[in-house]
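Input: a single structure, listed below in structure tokens.
The numbers here are math on the coordinates, done by the rules we state, and not lab data. What you see is a predicted model, and the numbers here were worked out from it, not measured in a lab. FYI the Cβ positions are ideal-geometry reconstructions off the backbone, even for glycines, and counts take in every protein chain you see.
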Amino acid sequence: MEGVDGIMVRRSVPSDHSCLFSAIGYVMDHDRNKATELRQVIVQKVASDPTKYTEAFLEVSNEEYCSWIQNSNTWGGAIELSILSEYYQKEIAAYHTDNVRCYVYGEDQKYTEMVLLIYDGRHYDALAISQAYGVSEEFDQTVFPVQEDKSIGRVHELALDLVNEEARNDGDIGNCSVDIIFTRVVCGIELIGQKESMQHAEATNHLEFVEKL
């Protein structure tokens with residue numbers, strides 16, 4: 001996976017319930033120890049906007065959610081990724097090896113930079129461009145410019161190669177070629193396929209959902 005002045009590598013974070021936050025800390029700030037801080041970012045955002053973050057949206061009350069997400073044993077997901085994308089003003093691409101899809105958070109906000117995560121259905125890690133295998137992490141590139149066509153060019157291809165390899169190693173897809181379906185996340189909800197999109201459109205009047213690249 002040579003190219004883009006380096007290679008795509010997976011940077012591991014601790015295998016605990018805060019892996020999403022640790023991975024975000026690494027790609028945004030090169031710091032794996034930001035879970036507590038980023039949980040507080042989530043709490044402040046949700047608590048400050050009860051009109052948006054309603055019980056219908058969160059599936060629990062605003063107050064219950066804020067208490068729940070501060071628990072270090074609580075996993076993060078789509079809602080948290082959407083909020084952190086807004087907080088950092090960067091798109092977040094989460095490549096899933098379990099279903100071989102990539103969900104892009106913040107895509108509708110016209111941010112000019114993107115960071116990459118990889119997720120196996122249980123655990124998030126960070127993706128980065130390293131100069132070569134064995135080079136110190138301090139030289140990792142983790143933030144990539146979004147081009148006019150809304151892509152990250154060759155970096156995306158390198159990420160796909162790594163994700164395909166990880167998925168094959170997990171035994172999920174054998175030796176077949178893999179397409180990545182990008183799901184546009186408008187309001188923190190992941191939608192796959194026409195049926196889910198239509199149901200969500202009827203309920204929320206959101207009109208754009210899925211892109212297949």
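Full extension of the chain between Asp108 and Arg168 yields a length gain of 18.5 nm, computed as 0.36 nm times the residue separation minus the alpha carbon distance. Taking θ as phi - 60° and the Karplus parameters 6.51, -1.76 and 1.60, the scalar couplings of segment 40-47 work out to 5, 4, 4, 4, 4, 5, 5, 5 Hz in sequence order, x denoting glycine and proline. The H on the amide N of Arg101, modeled in the peptide plane, is under 5 Å from the matching H of His96, each at least 5 residues off or on a different chain.
Take the cross-link list Lys52/Lys150; Lys90/Lys150; Lys45/Lys150 and give me the ones stretching past 21 Å between alpha-carbons. Flagged as over cut-off: Lys52/Lys150; Lys45/Lys150. Highest-first packing order for the peptide set 131-140, 61-70, 105-114 is 105-114, 61-70, 131-140, based on the mean count of other beta carbon atoms within 10 Å. Maximal additional length on extending the Ala56-Gln131 stretch stands at 22.4 nm, based on 0.36 nm per residue less the C-alpha distance. Model label points for Asp161 and Arg122, set 7 angstrom from Cα along the Cα-to-Cβ axis, are 2.8 nm apart.
Label-to-label distance for Gln89 and Thr74 is 2.8 nm, based on points extended 7 Å past Cα in the beta-carbon direction. Here the relative contact order of segment 104-148, from alpha carbon pairs under 8 Å that lie six or more residues apart, stands at 40 percent. The mean sequence distance of close C-alpha pairs (under 8 Å, at least 6 residues apart), as a share of the length of segment 19-127, puts its relative contact order at 26 percent. Evaluating 6.51 cos²θ - 1.76 cosθ + 1.60 at θ = phi - 60° for every residue in segment 92-106, the Karplus couplings come out as 10, 9, 10, 7, 9, 8, 6, 10, 6, 9, 10, 9, 9, 9, x Hz, glycine and proline recorded as x.
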